[in-house]
1. Using a 1.4 Å probe over the heavy atoms of the protein chains, calculate the carbon and sulfur portion of the accessible area of the stretch 93-178 as a whole percent.
2. Taking 0.36 nm per residue of separation and subtracting the Cα-Cα distance, what length does fully extending Leu192 through Glu66 add?
3. Which whole-number value in Å² is the accessible area per residue of the stretch 153-193, probe 1.4 Å?
4. Can you tell me the length gained on complete extension of the stretch Ser105 to Leu13, counting 0.36 nm per residue apart and subtracting the Cα distance?
5. So which chymotrypsin sites (Phe, Trp or Tyr not before Pro) in the stretch 77-178 are both in a DSSP loop and have at most 11 other Cβ atoms within 10 Å of their Cβ?
6. Measuring with a 1.4 Å probe in the full set of protein chains, what accessible area per residue, in whole Å², belongs to the stretch 57-111?
7. Count neighbours as other Cβ atoms within 10 Å of each site's Cβ, and list the GluC sites (Glu not before Pro) in the stretch 107-201 that are DSSP loop with at most 12 such neighbours.
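The values are calculated or read from the model by the stated rules, or taken from the named source; none is laboratory data. Just so it is clear, the model here is predicted, and its values are computed rather than measured. As a convention, Cβ positions derive from the backbone with ideal geometry for all residues, glycine included, and neighbour counts pool all protein chains shown. With ligands, DNA and RNA removed, areas are computed over all heavy atoms of the protein, side chains included. Shrake-Rupley method; radii C 1.70, N 1.55, O 1.52, S 1.80 Å.
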Amino acid sequence: MAALGNLGRTVRLLLGQVVQRQKAGTRLSETFHHGPPSSTKSACSMSQSAAEAEPQLNEDEEISEEFLNRNPRNLEQMALARKDRGWETVWPSNHYYHRLVYSRSQNYITAEIFAPHSSTPVLSCSTKEWALKRELHSTRSVAASQAVGEVLAARCREAGFQRLAFRVVPWTFRSESVKKFRMALKGGGIKLCEPRRKYVD
């Protein structure tokens, strides 16, 4: 009899748990269909606001409205950089980006590239250099002038110079050494004239 009493108690407990679970299920279904009460609504809204957090802005990823060009050679190659006109009576004029100067002394030949208003050459080549001097029979001959032009053209390509302003005195311009020098530079891919400046608003 005692065993049957214990069995009846356990059955009643199990039935009570099943009924409680069924009631809880009906309550949940009612809340889903008819909307949660105020406490559950506030909890849901808090969970939604936490899930949809605003994106954080990184200062490094912001795009600046002002652009500072730190490489003026870009504007020179696009012919947008300013050229100084200077006085019309001054020769040679400063209306260039880079000027090529060819000089021939009694012993050596030198070619130098100058920026406007600068006395220090940006790039140079001369028969005074031992690498050229040891390969030449004479340091001021026509062959030496051609060798200087070829070496200078290679150095210009490495430095990024593609166009140069080259103005020579007319009676020097017709000499054989200057002609060979010009031909060597043109053969190396260097143009001895600069583009006209573009005026953009």
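1. 49
2. 41.8 nm
3. On a per-residue basis, the stretch 153-193 sits at 60 Å².
4. Value of the extension gain: 21.2 nm.
5. Sparse-neighbourhood loop chymotrypsin sites (Phe, Trp or Tyr not before Pro): Trp87.
6. 85
7. For GluC sites (Glu not before Pro) across the stretch 107-201 that sit outside H, G, I, E and B with at most 12 neighbouring Cβ atoms in 10 Å, the list reads Glu135.
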